[in-house]
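The values are calculated or read from the model by the stated rules, or taken from the named source; none is laboratory data. From a predicted model like this one, the values you see are computed outputs, not experimental measurements. Methodologically, a virtual Cβ is constructed for each residue, glycine included, from the backbone with ideal geometry; neighbour enumeration extends over all protein chains shown. Accessible surface areas use protein heavy atoms only, side chains included; no ligands, DNA or RNA. Shrake-Rupley method; radii C 1.70, N 1.55, O 1.52, S 1.80 Å.
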Amino acid sequence: MKLPESQVAALNAASATDETPIDRLAEEAGLKPETATQAVFELRDEGLLEVTERESVEYELTDEGAEYVESGLPEVRLYRTAVEAGTDDAPAQMGRIIGASGLEGPEIDIALANFGRKGYGDIDSGELSADPDADADDDPEAAALAALAEGGAVDDVDADVLDQLVSRNLLDRHERVVRTITLTDAGVTALMEGIETAETVDRLTPEMLTSGEWQDVEFTEYNVEADAPEVRGGKTHVLRQTAERVKDVLVGMGFQEMEGPHADADFWINDCLFMPQDHPARTHWDRFALDVPPIEHLPEDLVDRVESAHREGVGEDGDGYHSPWSEDFARAVALRGHTTSLSMRYLSGTEVGELEPPQRYFSVEKVYRNDTLDATHLLEFFQIEGWVMAENLSVRDLMGTFVEFYEQFGITDIQFKPHYNPYTEPSFELFGKHPTTGELIEIGNSGMFRDEVLEPLGVEHDVMAWGLALERLAMLTTGAEDIRDLHGTLADLDFLRGAEVTY
Ligand SMILES: N[C@@H](Cc1ccccc1)C(=O)O
């Protein structure tokens with residue numbers, strides 16, 4: 001049997017030992033790993049070799065891990081200092097022990113956290129005491145690091161200790177697939193019958209063409225299925241793609257874009273919206289207040305009218321809130337929790353002057369909420385704000401606008417649920433069905449602005465308005481199941497690389 005050189009090498013390596021790793025074959029035969037792999041798979045297809053794949057996990061000390069092998073784990077150093085200072089007898093001031101330990105910068109936090117975790121002692125109202133029964137000389141994490149640094153095997157190390165060291169970033173874990181080869185019976189027979197090396201050439205040269213040699217040589221086959229390095233180009237983030245698409249759609253529907261400050265007076269964010277100053281969303285729990293001087297410039301007349309709406313209501317039988325209203329609070333600055341602050345600025349006439357109906361405005365901008373992070377909530381997210389001012393608007397106009405908008409994204413089954421907002425009446429929440437989980441997720445909030453909002457602004461026509469969540473729309477169009485995959489520190493890069501915006 002005549003075979004190319006690399007295949008002969010693979011058969012010989014396989015006949016020498018069972019389960020020969022391809023890496024070792026490549027190294028011993030002086031072949032590139034991909035050439036060796038190609039030869040192996042060709043032989044497997046011929047039935048001469050069997051290939052076994054196994055996951056192998058390898059650990060490697062990080063720089064920080066290697067440093068602690070030299071200097072000792074921070075918590076061990078802290079414990080030793082604490083014992084030397086006699087705190088196993090009587091507690092001492094924590095600052096003094098840290099000073100004596102020589103720990104610096106981030107090491108101090110690391111030492112304290114792990115000191116507590118490992119039960120090396122107690123820290124109580126600024127005082128530290130070492131547990132006399134603890135044994136820092138026998139620290140399993142330190143022992144594992146030292147053993148690995150000397151090339152020891154991980155099999156001897158407890159799995160929890162390894163996990164802990166990886167999560168402390170003292171070890172790197174690499175997972176890879178190890179392929180080994182073993183001769184099949186047909187391979188053994190072929191070897192016994194004798195194998196010769198066939199000359200193959202991997203490129204056609206001008207000389208071969210002129211000499212006619214090309215007619216006699218055997219060409220190396222191309223392997224179009226060989227593993228190749230993945231080449232990743234840059235691409236626009238799906239969320240940005242979605243935002244651009246939203247803007248195009250809204251511009252196509254006749255809307256103009258609003259712009260305005262991320263940090264704004266509470267007046268624009270809440271007071272104009274007839275949000276009582278003691279509303280829960282205005283407390284320090286939900287609101288990112290900024291420690292900056294209050295906003296000086298607000299339109300005086302408007303401030304008076306808004307205050308009066310809050311205190312006395314509007315219209316003949318209006319009734320305001322019987323709750324406190326202070327101009328100082330209205331002037332305080334916070335990160336906007338919704339972009340409805342922009343709608344207030346525009347509707348008040350302070351941005352582009354008095355507006356005559358019909359008018360349509362939108363923005364796709366970031367908002368900030370002191371929420372709890374979960375699969376559908378981020379602390380910073382994008383809102384698709386919008387409003388339409390016209391004569392005689394009804395709820396049907398509002399719903400029709402959403403149906404038209406979401407249809408552009410292939411979403412044809414939105415649902416409406418009555419809702420309450422202090423600033424709209426009636427109000428509706430919007431829901432969409434997640435394409436893979438089938439779960440209903442809230443995608444927006446909307447309504448017709450109340451007179452208590454419009455009258456102080458000097459608007460004499462109907463205004464319907466909404467705030468839709470861009471990330472939730474992106475979840476529906478990309479199939480992302482967790483909003484945290486889309487942006488923020490927990491983003492799923494593999495998902496984002498492959499995600500497509502469908503519409
Ligand atoms: N501001 C609302 C959205 C909204 C805007 C305008 C009118 C009604 C609702 C929110 O953040 O949820």
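Step by step: first the residues of the stretch 298-314, then only those that are assigned to a loop (DSSP other than H, G, I, E, B) and modelled with pLDDT under 95, then the one that is nearest to the ligand (Cβ to nearest atom). Which residue is that?
VAL314
Taking VAL388 as meeting all but one of (1) open to solvent by 30 Å² or more (accessible area, probe 1.4 Å); (2) closer than 23 Å to LEU342 by Cα; (3) within 14 Å of the ligand (Cβ to nearest atom), write down the number of the exception.
In the conditions (1) open to solvent by 30 Å² or more (accessible area, probe 1.4 Å); (2) closer than 23 Å to LEU342 by Cα; (3) within 14 Å of the ligand (Cβ to nearest atom), VAL388 misses (1) alone.
Looking only at the stretch 426-453, how many residues end up being in a helix (DSSP H, G or I) and either open to solvent by 10 Å² or more (accessible area, probe 1.4 Å) or more than 16 Å from the ligand (Cβ to nearest atom) (or both)?
Taking the stretch 426-453 and keeping what is in a helix (DSSP H, G or I), we get 451-453.
Still in the running and either open to solvent by 10 Å² or more (accessible area, probe 1.4 Å) or more than 16 Å from the ligand (Cβ to nearest atom) (or both): 451-452.
The number of residues fulfilling the criteria is 2.
Mind checking which pairs have a first residue in the stretch 387-404 that is closer than 20 Å to VAL249 by Cβ and a second that is assigned to a helix (DSSP H, G or I) and hydroxyl-bearing (Ser, Thr, Tyr), Cβ under 9 Å, 6 or more apart or different chains?
Sorted first by the residue in the stretch 387-404, then by its partner, the pairs are TRP387/THR340; TRP387/SER343; TRP387/TYR346; VAL388/THR401.
Filter the stretch 356-384 for residues that are within 21 Å of SER446 (Cα to Cα), away from the ligand (no atom under 13 Å from the Cβ) and out of contact with any Lys or Arg (no Cβ under 8 Å at 6 or more places or on another chain) and give the result.
The answer is PRO357, PRO358, GLN359, ARG360.
Evaluate the stretch 374-382: report whether one residue or more is closer than 20 Å to VAL249 by Cβ, assigned by TED's automatic domain parsing to the domain that holds GLU257 and either assigned to a strand (DSSP E or B) or under 30 Å from the mean Cα position of the chain (by Cα) (or both).
Yes, the stretch 374-382 contains a residue that is closer than 20 Å to VAL249 by Cβ, assigned by TED's automatic domain parsing to the domain that holds GLU257 and either assigned to a strand (DSSP E or B) or under 30 Å from the mean Cα position of the chain (by Cα) (or both).
Mind checking which residues of the stretch 315-334 are under 17 Å from PRO280 (Cβ atoms) and either among the polar types (S, T, N, Q) or within 16 Å of the ligand (Cβ to nearest atom) (or both)?
SER323, ALA334
Which condition from (1) farther than 25 Å from ARG245 by Cα; (2) within 16 Å of the ligand (Cβ to nearest atom) is the one that TYR346 breaks?
Among (1) farther than 25 Å from ARG245 by Cα; (2) within 16 Å of the ligand (Cβ to nearest atom), TYR346 violates only (1).
Please note which helices (runs of 4 or more DSSP H) are completely contained in the stretch 157-241 and include at least 3 residues that are in contact with a Leu (Cβ under 9 Å, 6 or more places away or on another chain) and modelled with pLDDT of 90 or more.
Details: elements: 159-167, 185-193, 206-211.
Passing ranges, in order: 159-167, 185-193.
If you go through the stretch 132-148 one residue at a time, do you hit one that is under 31 Å from the mean Cα position of the chain (by Cα) and assigned to a loop (DSSP other than H, G, I, E, B)?
Checked the stretch 132-148: no residue is under 31 Å from the mean Cα position of the chain (by Cα) and assigned to a loop (DSSP other than H, G, I, E, B).
Somewhere in the stretch 482-489, is a residue among the small types (Gly, Ala, Ser), assigned by TED's automatic domain parsing to the domain that holds ARG245, within 16 Å of the ligand (Cβ to nearest atom) and not in a helix (DSSP H, G or I)?
no
Determine, yes or no, whether HIS338 is touching a residue at least 12 places away in the same chain (Cβ under 8 Å), in contact with a helix residue (DSSP H, G or I) (Cβ under 8 Å, 6 or more places away or on another chain) and over 19 Å from VAL453 (Cβ atoms).
For HIS338, the condition - touching a residue at least 12 places away in the same chain (Cβ under 8 Å), in contact with a helix residue (DSSP H, G or I) (Cβ under 8 Å, 6 or more places away or on another chain) and over 19 Å from VAL453 (Cβ atoms) - is not met.
Working carefully through the options GLY254, GLY260, find the one that is of a type in the set (Gly, Ala, Ser), closer than 29 Å to VAL403 by Cα, open to solvent by less than 60 Å² (accessible area, probe 1.4 Å) and within 16 Å of the ligand (Cβ to nearest atom).
Only one candidate passes the filter, namely GLY260.
Might you let me know whether the stretch 274-281 holds any residue that is without any contact (Cβ under 8 Å) to a residue 24 or more places away in the chain and either open to solvent by 10 Å² or more (accessible area, probe 1.4 Å) or over 30 Å from GLU481 (Cα atoms) (or both)?
Yes.
Does the stretch 198-223 hold any residues that are open to solvent by less than 70 Å² (accessible area, probe 1.4 Å) and closer than 14 Å to LEU3 by Cα, and which are they?
Listed by number, the residues that qualify are ALA198, THR200, VAL201, VAL217, THR220.
What are the pairs with Cβ atoms under 9 angstrom where one residue, in the stretch 148-177, is crowded, with 17+ Cβ neighbours inside 10 Å and the other, located anywhere, is polar (S, T, N, Q)? Sequence gap at least six, or different chains.
Listed by first residue and then by second, the contacts come to ARG168/ASN114; LEU170/THR62; LEU170/GLN164; LEU171/THR62.
Which members of the stretch 394-415 meet the condition of being more than 13 Å from the ligand (Cβ to nearest atom) and either part of a strand (DSSP E or B) or over 32 Å from the mean Cα position of the chain (by Cα) (or both)? Write out each step before concluding.
Quick first cut of the stretch 394-415, residues more than 13 Å from the ligand (Cβ to nearest atom) only: 394, 396-397, 399-400, 403-415.
Of everything in the stretch 394-415, those that are more than 13 Å from the ligand (Cβ to nearest atom) and either part of a strand (DSSP E or B) or over 32 Å from the mean Cα position of the chain (by Cα) (or both) turn out to be SER394, ARG396, ASP397, MET399, GLY400, GLN415.
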